[in-house]
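K.L.:
Before I ask anything, here is the structure I am working with.
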Amino acid sequence: MPLAEKYCAAMMRMLPVHNLLPTDHPFEPINEIDVHPRTQQQVFVPTSESRHFTRWDAAHTFGNHILPPDRKIRIPELIRMEKQLNKGVEDLEARTAFVNRVAESEKALAKKAALNEQRLEEKRTRVKSGRFEFRFEEVNANAVGKKGRSRLAAGWRYGVPHDDRARGAVKIPTEVV
């Protein structure tokens with residue numbers, strides 16, 4: 001297996017890693033990343049091999065509003081706790097501070113989610129009729145986009161096949177994004 005070990009060593013030199021201390025093993029918390037739905041589809045972006053293609057470039061390829069994993073990871077409190085432990089702070093004290101910081105950030109996140117849900121609920125009209133409850137929302141018929149498939153359109157999820165199955169559709173990239 002000497003070929004696999006050389007390959008592994010070469011790949012580890014190419015991938016970015018983070019160290020808390022120079023003596024620590026590098027860690028890459030890739031399992032903690034939420035996957036954005038826009039990144040589930042394949043995108044072909046032709047680039048030269050000499051170009052340095054970063055995570056920022058990959059995120060920008062999928063959409064301007066998508067953050068790269070380095071900015072998306074929601075565990076700064078855990079990293080702060082590990083740094084405190086490396087500075088010599090007692091284990092119990094560092095963990096207590098960590099739990100308090102996480103509780104505060106979770107409360108802020110829950111408050112933001114509740115406010116968003118309340119804002120959406122104010123836009124809905126509910127009509128109860130016997131066993132059923134109908135919920136209505138205002139929809140702008142002009143906000144359907146160029147092809148009529150905007151997510152703001154009514155019924156955008158139902159019965160609309162993907163364009164990639166259409167006969168004669170060009171399935172290879174025709175322009176550089």
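K.L.:
Here are GLU175, GLU137: which of them is among the charged types (D, E, K, R), in contact with a strand residue (DSSP E or B) (Cβ under 9 Å, 6 or more places away or on another chain) and at pLDDT 75 or above?
P.N.:
None of the others qualify; the one that does is GLU137.
K.L.:
Just the residues that are among the basic types (Lys, Arg) and outside any loop (DSSP other than H, G, I, E, B), please, taken from the range 36-61.
P.N.:
ARG38, ARG55
K.L.:
With respect to ILE79, determine if the residue is surrounded by 11 or more Cβ atoms within 10 Å (Cβ to Cβ), out of contact with any His (no Cβ under 6 Å at 6 or more places or on another chain), on the phi < 0 side of the Ramachandran plot and modelled with pLDDT under 75.
P.N.:
The answer is no for ILE79.
K.L.:
Can you find even one residue in the range 62-76 that is of a type in the set (Phe, Trp, Tyr), within 30 Å of LYS171 (Cβ to Cβ), part of a helix (DSSP H, G or I) and in contact (Cβ under 8 Å) with a residue 12 or more places away in the chain?
P.N.:
yes
K.L.:
Let me ask you something else. Restricting the search to the range 24-57, which residues are at pLDDT 70 or above and under 30 Å from MET81 (Cα atoms)?
P.N.:
ASP34, VAL35, HIS36, THR54, ARG55, TRP56
K.L.:
Do the conditions hold for ALA103, that is, is it closer than 30 Å to PRO173 by Cα, without any contact (Cβ under 8 Å) to a residue 24 or more places away in the chain, part of a helix (DSSP H, G or I) and under 27 Å from the mean Cα position of the chain (by Cα)?
P.N.:
For ALA103, the condition - closer than 30 Å to PRO173 by Cα, without any contact (Cβ under 8 Å) to a residue 24 or more places away in the chain, part of a helix (DSSP H, G or I) and under 27 Å from the mean Cα position of the chain (by Cα) - is not met.
K.L.:
Regarding the range 55-75, can at least one residue be identified that is surrounded by 12 or more Cβ atoms within 10 Å (Cβ to Cβ) and of a type in the set (Asp, Glu)?
P.N.:
Yes, the range 55-75 has at least one match.
The values are calculated or read from the model by the stated rules, or taken from the named source; none is laboratory data. Since this is a predicted model, take the numbers as computed values, not measurements. Here Cβ is always computed from backbone atoms with ideal geometry, including for glycine, and neighbour counts include all displayed protein chains.
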